[in-house]
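Everything on this sheet refers to the single structure shown next.
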Amino acid sequence: MPLPACLRRCARLLYCIPVTIIIMVVMWSYYAYVVHFCWILLTCATQRVVFLCLFHMCFGMFSWSFWKTLSTPPSSPSVEFQLSSSDSLLYEQEHGGMEKSQILLEISQKLPVHTRTAARAIRFCHHCQLIKPDRCHHCSVCQMCVLKMDHHCPWLNNCIGFSNYKFFMLFLLYSLLYCLLIVTTVTPTFIQLWLGKLFDSCVKLHVLFLTLVSGMFAVTLCFLLFFHIWLLTSNKTTLEWLSVPFFADGPASEAFDVGVQANFLQVFGKKKSLWPLPVSSSQGDGHSFPLRWQMSSHSHSVMNGNGHYAMEGSVVSPEGVSVTVALDD
């Protein structure tokens with residue numbers, strides 16, 4: 001049952017509170033570092049210029065990636081995954097579960113869908129009235145199906161998925177660099193303040209809190225970044241780490257893992273100059289992804305026509321179909 005309009009507006013305001021807190025903390029950190037640390041405490045002009053240049057570089061990249069992660073809407077499945085009016089009517093008219101499953105199975109034959117429910121049925125979203133593409137999930141907060149959904153982040157008030165996962169990774173990276181820069185440059189002054197050699201109470205309060213807050217955020221961000229690096233290199237989402245995806249022949253935790261390099265390129269793209277920038281460069285359209293097929297034990301190396309080695313052998317897909325392929329070494 002949908003919520004009344006007034007309750008939906010109140011919910012939106014509540015969802016904005018964590019984002020507002022993050023923005024306020026960042027604005028305060030900028031003020032404390034630039035004004036109280038660089039302009040008041042630092043006496044060496046060269047050191048001040050170097051610190052300010054490094055700080056604004058980190059702050060600029062952090063702000064850019066933060067805004068892109070925050071403002072990029074999650075991608076939803078294309079219209080081809082939605083049931084047509086005739087299919088929807090036929091689906092609603094059926095009352096048996098088996099009949100409904102058969103209708104979805106027939107429709108899915110035209111779509112690049114491989115994942116299933118734990119009961120081996122086609123994954124169908126009753127809220128959005130569509131067949132879910134691989135790695136797609138419905139977000140109860142955003143009230144929509146999200147392509148390659150990783151998780152809903154309350155601190156960003158946005159779903160992290162195919163459209164903004166690269167931005168999210170860069171946001172974690174630049175956030176960590178931002179905090180580490182503050183901790184590294186402010187710590188000597190922090191020690192002096194702790195020992196009581198500097199006595200300006202206002203400056204002392206700002207610098208002490210700046211060091212402590214940055215240190216705590218750096219520890220948290222370090223764990224979170226390394227966790228998502230592991231997810232990236234193994235081509236998993238947070239949801240797939242929590243719940244193994246199912247296929248027609250059962251669960252497969254490494255179904256989308258096609259190698260560290262290929263996994264990385266799926267998110268960051270092939271153009272190296274775009275890797276550090278929060279601009280769209282991910283491969284694919286978010287609706288289908290390469291699957292990791294198991295090579296048989298009889299695979300052997302052969303020389304292809306270009307003089308490169310290749311692995312040739314029988315390959316078994318998640319649907320149990322055996323084919324022969326040649327993979328460049």
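The values are calculated or read from the model by the stated rules, or taken from the named source; none is laboratory data. All values derive from a computational prediction rather than experimental measurement. Using ideal geometry, Cβ is built from the backbone for each residue, glycine included, and neighbour counts are taken over all protein chains shown. Just so you know, the surface numbers come from the protein's heavy atoms only, side chains and all, with ligands and any DNA or RNA stripped out. Shrake-Rupley method; radii C 1.70, N 1.55, O 1.52, S 1.80 Å.
Annotations for the structure displayed:
- Heavy-atom accessible surface of E92, to the nearest 10 Å², is about 100 Å², with a 1.4 Å probe and all protein chains retained.
- Solvent-accessible surface (1.4 angstrom probe) belonging to F246, in square angstrom, nearest 10: 50 Å²
- A Förster radius of 30 Å combined with the Cβ-Cβ distance from W194 to I23 puts the calculated FRET efficiency at roughly 0.55.
- Other-chain or far-sequence residues with amide H under 5 Å of M144's (modelled H): C139
- Pairwise label distance in nanometres, H56 with Y30, each label 7 Å out on the Cα-Cβ vector: 1.2 nm
- In this structure region 4-74 gives 60 Å² per residue of accessible area when probed at 1.4 Å with all protein chains present.
- Where D249, D87 fall by accessible area, highest first, once all protein chains stay in place (1.4 Å): D249, D87
- Converting phi to 3J(HN,Hα) with the Karplus coefficients 6.51, -1.76 and 1.60 and the offset θ = phi - 60°, region 207-217 yields 5, 4, 5, 4, 5, 5, 5, 5, x, 5, 5 Hz in sequence order, with x at every glycine or proline.
- Counting heavy atoms of the protein chains alone, W39 has an accessible area of about 140 Å² for a 1.4 Å probe.
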